[in-house]
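**Student:** This is the structure I want to talk about, given as structure tokens.
The values are calculated or read from the model by the stated rules, or taken from the named source; none is laboratory data. Just so we're clear, the structure is a prediction, and the values are computed from it rather than from any experiment. Cβ atoms come from the backbone with ideal geometry, glycine included; neighbour counts cover every protein chain shown. What goes into the accessible areas is simple: the full protein's heavy atoms, side chains included, and nothing from ligands, DNA or RNA. Shrake-Rupley method; radii C 1.70, N 1.55, O 1.52, S 1.80 Å.
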Amino acid sequence: MMEYLDAVKEETSRILSEKIVDVVIGFENGTIPMRAQPAFFTHPEEAKRIVINGFCQNNLTAFLHDRPKEEKIGLICRGCESRAVRVLVSEQQKKREDLFLIGVPCNGILDWRKISREIEEEISWAVEEDDRIIVFSAKGQTELNRNTFVHDSCKKCQNPEPVGVD
């Protein structure tokens, strides 16, 4: 997912600058290791805070319900989010013309619980690099194989590519 990060930041900045949307819902680094947090970007310069990695756990479509009906919303979406958006639109809970979907392919989210069990001590930070997870703790640095720690539900996913995106 990392290879798409710069393009997503540029597109987010563009659609906010051009006032195509009022807000873009995505992820930024959180304060808890291995947990990106949902974020609401309303100014083009905020796009630099966007992160896309296996630690982005939430399905961002859950936040569409709480937004004002008249608001134009950008949504960074993986396959699971794009499928959820189609359902919301088909059930007339959101109008497709009020959404701008920035699609990113998904390699699966990482199960932070499995990683924590493997390390067996408090983790101060973790980063994802290609097919590795580099974890920092009191033990020092530990490298893990990414595929071993992909969430079980993601291993079964047959549609990691978003569809119907802008």
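**Student:** Return the residue satisfying two criteria in turn: it lies in region 60-99 and is among the polar types (S, T, N, Q) and free of Cβ contacts under 8 Å to residues at least 12 places away in the same chain, and of such residues it is surrounded by the fewest Cβ atoms within 10 Å (Cβ to Cβ).
**Tutor:** GLN92
**Student:** Might you let me know whether region 20-27 holds any residue that is aromatic (Phe, Trp, Tyr), closer than 27 Å to LEU144 by Cβ and open to solvent by less than 60 Å² (accessible area, probe 1.4 Å)?
**Tutor:** Yes, region 20-27 contains at least one residue that is aromatic (Phe, Trp, Tyr), closer than 27 Å to LEU144 by Cβ and open to solvent by less than 60 Å² (accessible area, probe 1.4 Å).
**Student:** Now for a different question. Can you work out which of the residues in region 118-166 that are open to solvent by 60 Å² or more (accessible area, probe 1.4 Å) and of a type in the set (Ser, Thr, Tyr) is nearest to the chain's Cα centre (by Cα)?
**Tutor:** Here the residue is SER153.
**Student:** From SER90, SER124, which residue is under 22 Å from PRO33 (Cβ atoms) and out of contact with any Gly (no Cβ under 8 Å at 6 or more places or on another chain)?
**Tutor:** The unique qualifying residue is SER124.
**Student:** Going by what's in this entry, would TRP112 be described as farther than 21 Å from CYS157 by Cβ, open to solvent by 20 Å² or more (accessible area, probe 1.4 Å), out of contact with any Ser or Thr (no Cβ under 6 Å at 6 or more places or on another chain) and in contact (Cβ under 8 Å) with a residue 40 or more places away in the chain?
**Tutor:** No: the conditions fail for TRP112.
**Student:** Quick check on region 151-163. Is at least one of its residues outside any loop (DSSP other than H, G, I, E, B), modelled with pLDDT of 95 or more and polar (S, T, N, Q)?
**Tutor:** There is no residue in region 151-163 that is outside any loop (DSSP other than H, G, I, E, B), modelled with pLDDT of 95 or more and polar (S, T, N, Q).
**Student:** Considering each of PRO44, PRO68 in turn, give the residue that is over 23 Å from GLU161 (Cα atoms) and at pLDDT below 95.
**Tutor:** None of the others qualify; the one that does is PRO68.
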